[in-house]
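What follows is calculated from the coordinates using simple rules that are stated; it is not laboratory data. None of these values were measured; they are calculated from a predicted model. Glycine gets a Cβ as well: all are built from the backbone with ideal geometry, and neighbour counts include every protein chain shown.
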Amino acid sequence: MHCKKNLIKLCVFGILLFSNLVCAHNPDLSNIIISKTETGQIVIQINSSLTAFQQEVNYINGQGAYKSPEEFQDLVLNHFKNSFSIIINKKDTLQFKNPKVFLGHETKLVAEIIGLPETVNAIHLQNKLFKDIYNNQSVAIFLLDEFPKDKYTLDRDNNQEINIELVNGKWQKRIVKETNPNLKYGLYLTSILLAAVLLYFVKKKRKSTTL
């Protein structure tokens, strides 16, 4: 058990070191790390370059929206609340406690996760923090026992989200059924046509009764 904990610590250190070298110099790249502290807290850390955070804040709020580091941090946190979510088991939306932004060449957003159920069999994670940055990619890494060990990439192709579920002991991508937009349009036109026909017959019947 002690060796396992040391191995996990080594993996976390290696991942954080890699993120410092890569994310700090490339606004297109970011990573999401979910892990447990020695005190048992579940925490999330989002790492990217300061430039990436600045580009998003300026794009959403306009140039000159902040005049101090504190105002910039507040705008980042507000953007985080509106653009990041994790839903477990298709029904449990996780909450983020005491989120903080640590500015630097590589900027970090750290928060405690609360509301995590004991059993995890489905994960929906959406990260649109950097969706307006061209060719952005975000890698999600789970360092918790019941979570998948693979890395997952969020980008434009998958709408900045991952949907996975546990099937026969293996994590697989979950297919979300969506209504075909053409079908929606067809149903809408059909409803209008039926309403028009019904109105026609109602008017025709009224005329016949008045004659």
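Legend: calculated FRET efficiency, ILE60 to LEU103, from the Cβ-Cβ distance at R0 = 25 Å, rounded to 0.05, equals 0.90.
For GLU38 and ASN78, what does the FRET efficiency come to when R0 = 22 Å and r is the distance between their Cβ atoms, rounded to the nearest 0.05? If you can, show how the numbers build up before the last one.
On the way: r = 31 Å, r/R0 = 1.39.
For GLU38 and ASN78, the calculated efficiency is 0.10.
If I stretch the segment between ASP155 and TYR134 completely, what's the gain in nm (0.36 nm per residue apart, minus their alpha carbon distance), one decimal?
Stretched fully, the ASP155-TYR134 segment lengthens by 6.6 nm.
Under 17 Å from the 7 Å Cα→Cβ point of ASN26, by amide nitrogen: which residues of the stretch 41-81? The answer is 47-53, whose backbone nitrogens lie closer than 17 Å to the label point. Two-decimal Rg/Rh of the stretch 81-144 from alpha-carbon positions, Kirkwood Rh? Rg/Rh: 0.98.
List, in the order given, every pair from LYS81/LYS131; LYS90/LYS151; LYS91/LYS170 whose Cα-Cα distance in the structure shown is over 18 Å. Beyond 18 Å between Cα atoms: LYS90/LYS151; LYS91/LYS170.
As an exercise, use a Förster radius of 35 Å and the Cβ-Cβ distance of GLU71 and ASP92 to find the FRET efficiency, rounded to the nearest 0.05. Before the final figure, lay out the partial values.
On the way: r = 33 Å, r/R0 = 0.95.
Using R0 = 35 Å, I get an efficiency of 0.60.
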